[in-house]
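The values are calculated or read from the model by the stated rules, or taken from the named source; none is laboratory data. These numbers come from a predicted model, not from an experiment. Methodologically, a virtual Cβ is constructed for each residue, glycine included, from the backbone with ideal geometry; neighbour enumeration extends over all protein chains shown. These area figures cover heavy atoms from the full protein model, side chains too; ligands, DNA and RNA do not enter into them. Shrake-Rupley method; radii C 1.70, N 1.55, O 1.52, S 1.80 Å.
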There are 2 protein chains.
Amino acid sequence: MIKYPYHLFIGDAQDKAAAKVARGIKDWRPDRVVGQISLPGCQTDLGIDELTVEDAVKHGARTLVIGVANRGGFIAESWKPVLIGALEAGMDLASGLHNLLQDEPDIVAAAERCGCQLHDVRVPRAEYPIANGQRRSGKRCLGVGTDVSVGKMYTMLAMHREMASRGIQSTFRATGQTGILIEGNGVPLDAVVADFMAGSIEWLTPANENDHWDMVEGQGSLFHASYSGVTLALIHGAQPDALILCHDASRHRMRGLSGYRLPTLTQLSEVALTMAQMVNPDCRVIGVSINTSELSERDAAKMIEDVGKDTGLPTTDPFRYGPDILVDALIG
Amino acid sequence: MIKYPYHLFIGDAQDKAAAKVARGIKDWRPDRVVGQISLPGCQTDLGIDELTVEDAVKHGARTLVIGVANRGGFIAESWKPVLIGALEAGMDLASGLHNLLQDEPDIVAAAERCGCQLHDVRVPRAEYPIANGQRRSGKRCLGVGTDVSVGKMYTMLAMHREMASRGIQSTFRATGQTGILIEGNGVPLDAVVADFMAGSIEWLTPANENDHWDMVEGQGSLFHASYSGVTLALIHGAQPDALILCHDASRHRMRGLSGYRLPTLTQLSEVALTMAQMVNPDCRVIGVSINTSELSERDAAKMIEDVGKDTGLPTTDPFRYGPDILVDALIG
């Protein structure tokens with residue numbers, strides 16, 4: 001287990017999305033966070049104290065978490081003074097990047113010298129099976145998106161928290177590095193070897209009591225050329241009973257894919273349901289989650305009303321207005 | 001590069017499908033094969049000379065290729081006397097199994113002792129990029145299946161050979177271990193890390209001359225719960241201009257998935273085209289390839305006629321009747 005409290009490194013993040021790992025931890029585990037540390041040129045802010053590594057240690061921080069991602073997932077040379085400084089101040093390091101802390105000789109040497117630990121949460125820790133496609137007891141809900149990074153994890157976390165408060169049995173199932181850092185376990189799906197992707201999700205969401213819900217963190221998008229295969233493996237491994245359509249109101253072009261427009265929510269619904277019903281004919285789309293964080297209060301309310309009318313589905317921004325109507329729709 | 005001629009090890013294969021790697025090499029590179037070697041209890045035969053390793057070496061064999069697969073892809077202890085014997089006779093070993101030659105201490109020791117090489121073709125050899133989804137010049141044709149192992153590779157190889165004989169520019173692009181052993185290079189897609197699947201296929205099928213066709217080996221099936229994610233990554237990485245629907249006439253249940261029926265060719269066509277057109281709006285389904293190897297001559301002809309009528313598409317068994325009409329439809 002990774003020791004907390006955390007200090008969140010947001011580096012030279014050029015926009016809000018680049019620091020989404022740090023933001024997720026701060027939003028869902030504020031009790032585990034002492035502050036943030038950025039580099040010159042950083043274009044975002046978590047709204048918490050900016051602390052040096054020394055000050056963070058004084059506030060009790062035990063692990064510096066790399067909360068920033070760049071395309072390709074490498075550990076930038078410009079980050080290293082802070083990372084090595086954190087080790088020298090006595091903190092462990094945790095990272096969800098593709099390129100590993102354990103593969104950086106200077107970081108490994110500093111960790112050994114200082115007696116600190118390196119946690120690469122993106123490294124799969126289990127030997128996953130090949131999926132067998134068999135139906136199993138318990139229920140599973142999955143978020144699917146019009147694009148990557150549209151709020152699928154937030155939606156599942158918000159619904160899970162609401163379900164816990166109502167006494168409904170549920171478990172948040174993390175499939176990405178932020179989710180794993182928040183939940184403490186999960187499957188780093190985008191780092192799993194292709195043949196075992198769906199099997200890793202069957203392993204993560206095993207048979208359960210009939211009225212128990214696994215709230216499964218979505219990954220990628222069926223419409224995103226870079227990551228669609230990961231998404232389909234997740235759908236077929238999870239055998240969802242319920243899908244939540246997720247969308248970011250400010251997104252008009254697919255992230256990282258020049259020239260690609262987003263699908264409509266209707267297109268997403270049709271394709272995702274077609275794929276899900278291959279493994280669970282009873283699967284249904286039960287609601288829409290819109291990330292309206294870039295919209296004014298008035299525009300957000302208008303958009304949610306419009307989408308609800310267009311799709312005929314319960315629609316909300318669970319982070320802004322709470323996930324109640326989605327939970328109502330889920331437990332029907 | 002793997003040295004040839006090959007000697008093909010079919011071990012204790014319990015049926016024809018278990019020796020499909022060996023059969024593929026023998027069918028498509030007969031000029032590179034000196035013979036086969038089996039173990040007691042083997043239930044299949046390639047129809048070529050059964051030779052000891054010593055005799056194979058006398059006939060010029062330079063590499064023993066493991067041409068048999070078991071579920072799980074491990075190297076059976078019962079195979080080792082032959083494998084180590086081949087090394088001691090001076091041959092290299094090549095394998096496409098999930099479990100690696102390089103992870104078997106006794107095989108590694110024998111290879112070192114004998115100065116021979118071990119080729120695990122399932123190990124990715126390149127650092128693949130994340131897919132960027134950009135359109136590129138040249139044309140690409142991909143086989144998609146109603147199930148796994150229905151003849152997608154054979155279809156592409158047969159079309160490629162016919163195109164070469166007509167002087168049409170084309171390249172066979174291997175995405176699995178048999179294809180890689182046949183072609184000498186390729187991407188072992190099911191062993192690629194999830195995030196890089198689609199990117200590995202963009203890397204394999206780069207921009208080319210406008211009238212050049214990449215004939216891309218299919219993998220898995222969009223309808224197969226264990227491997228569907230691999231298939232979708234392949235479709236989105238290849239950006240196919242043309243799809244060939246592939247089906248095995250004797251298959252009624254999804255291979256390895258109890259309780260799953262096969263989709264119809266119409267269902268396959270709709271889903272595969274929907275996914276392909278996300279990255280290439282001009283993609284079309286141009287024909288149907290039926291593996292009729294288990295049918296009588298009369299039943300095969302009847303089925304091909306019926307499927308052609310039902311789908312309205314050029315339909316054949318390219319291995320039985322030749323791929324001419326599929327090539328005609330492709331270049332039409």
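For every residue, the table says whether it meets (1) within 14 Å of chain A (Cβ to nearest Cβ); (2) part of a helix (DSSP H, G or I); (3) more than 14 Å from B:G143 (Cβ to Cβ).
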residue	(1), (2), (3)
B:S226	yes, no, yes
B:L232	yes, yes, yes
B:S250	no, no, yes
B:R255	yes, no, yes
B:P263	yes, no, yes
B:D299	no, yes, yes
B:L326	no, yes, no
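The set of residues from segment B:1-58 being of a type in the set (A, V, I, L, M, F, W, C), surrounded by 14 or more Cβ atoms within 10 Å (Cβ to Cβ), touching a residue at least 60 places away in the same chain (Cβ under 8 Å) and touching a Lys or Arg at 6+ places or on another chain (Cβ under 9 Å) comprises B:I2, B:I25, B:W28. For segment B:163-175, does any single residue satisfy the condition of being at negative phi and within 14 Å of chain A (Cβ to nearest Cβ)? Yes, that holds for at least one residue. Every condition in (1) touching a Phe, Trp or Tyr at 6+ places or on another chain (Cβ under 6 Å); (2) within 14 Å of chain A (Cβ to nearest Cβ) holds for B:I182 except the one numbered (2).
Would segment B:252-259 turn up any residue that is under 18 Å from A:Q239 (Cα atoms), touching an Asp or Glu at 6+ places or on another chain (Cβ under 9 Å) and open to solvent by 30 Å² or more (accessible area, probe 1.4 Å)? Checking segment B:252-259: not a single residue is under 18 Å from A:Q239 (Cα atoms), touching an Asp or Glu at 6+ places or on another chain (Cβ under 9 Å) and open to solvent by 30 Å² or more (accessible area, probe 1.4 Å). The set of residues in segment B:265-275 that are surrounded by 15 or more Cβ atoms within 10 Å (Cβ to Cβ) and within 11 Å of another protein chain (Cβ to nearest Cβ) comprises B:Q267, B:V271, B:T274, B:M275. Scanning segment B:93-131 for residues that are closer than 30 Å to A:A225 by Cβ, free of Cβ contacts under 8 Å to residues at least 60 places away in the same chain and surrounded by 15 or more Cβ atoms within 10 Å (Cβ to Cβ) yields one hit, B:D120. Among the residues of segment B:231-271, those identified as within 30 Å of B:R298 (Cβ to Cβ) and in contact with a helix residue (DSSP H, G or I) (Cβ under 8 Å, 6 or more places away or on another chain) are B:L243, B:I244, B:L245, B:C246, B:H247, B:A249, B:P263, B:L265, B:T266, B:S269.
The residues of segment A:73-92 that are free of Cβ contacts under 8 Å to residues at least 24 places away in the same chain and among the acidic types (D, E) amount to a single one, A:E77. Could you tell me whether any residue of segment B:277-284 is on the phi < 0 side of the Ramachandran plot, open to solvent by less than 10 Å² (accessible area, probe 1.4 Å) and among the hydrophobic types (A, V, I, L, M, F, W, C)? Taking every residue of segment B:277-284 in turn, at least one turns out to be on the phi < 0 side of the Ramachandran plot, open to solvent by less than 10 Å² (accessible area, probe 1.4 Å) and among the hydrophobic types (A, V, I, L, M, F, W, C). Could you list, in sequence order, the residues of segment A:130-147 that are within 14 Å of chain B (Cβ to nearest Cβ) and farther than 14 Å from A:L234 by Cα? Correct list: A:Q134, A:R135, A:R136, A:T146, A:D147. Would you mind stating whether B:L245 is assigned to a loop (DSSP other than H, G, I, E, B) and aliphatic (A, V, I, L, M)? No, not satisfied. Taken together, the residues in segment B:102-140 that are hydrophobic (A, V, I, L, M, F, W, C), modelled with pLDDT of 95 or more and assigned to a loop (DSSP other than H, G, I, E, B) amount to 3. For segment B:157-175, taking the residues that are in contact (Cβ under 8 Å) with a residue 60 or more places away in the chain and of a type in the set (A, V, I, L, M, F, W, C), the one that is most open to solvent (accessible area, probe 1.4 Å) is identified as B:I168. With respect to the conditions (1) closer than 20 Å to A:L142 by Cα; (2) in a helix (DSSP H, G or I), A:I304 falls short on a single one, namely (1). Within segment B:308-315, one or more residues are free of Cβ contacts under 8 Å to residues at least 24 places away in the same chain and assigned to a helix (DSSP H, G or I).
In segment A:70-83, of all residues being exposed (fewer than 14 other Cβ atoms within 10 Å of the Cβ) and among the charged types (D, E, K, R), the one that is nearest to A:Y6 (Cα to Cα) corresponds to A:E77.
Taken as a whole, segment B:84-93 holds no residue that is at pLDDT 95 or above, within 19 Å of B:K3 (Cβ to Cβ) and under 19 Å from the mean Cα position of the chain (by Cα). Applying the set (1) within 22 Å of A:T231 (Cα to Cα); (2) in contact with an Asp or Glu (Cβ under 9 Å, 6 or more places away or on another chain) to B:V271 leaves exactly one unmet item: (2). Scan segment B:191-215 for residues that are surrounded by fewer than 22 Cβ atoms within 10 Å (Cβ to Cβ) and either more than 10 Å from chain A (Cβ to nearest Cβ) or within 12 Å of the chain's Cα centre (by Cα) (or both) and the total you get is 8. Being free of Cβ contacts under 8 Å to residues at least 24 places away in the same chain, open to solvent by 10 Å² or more (accessible area, probe 1.4 Å) and of a type in the set (D, E) is a description that applies to A:E183. Residues in segment B:293-319 that are open to solvent by less than 80 Å² (accessible area, probe 1.4 Å) and at pLDDT below 95: B:S293 alone.
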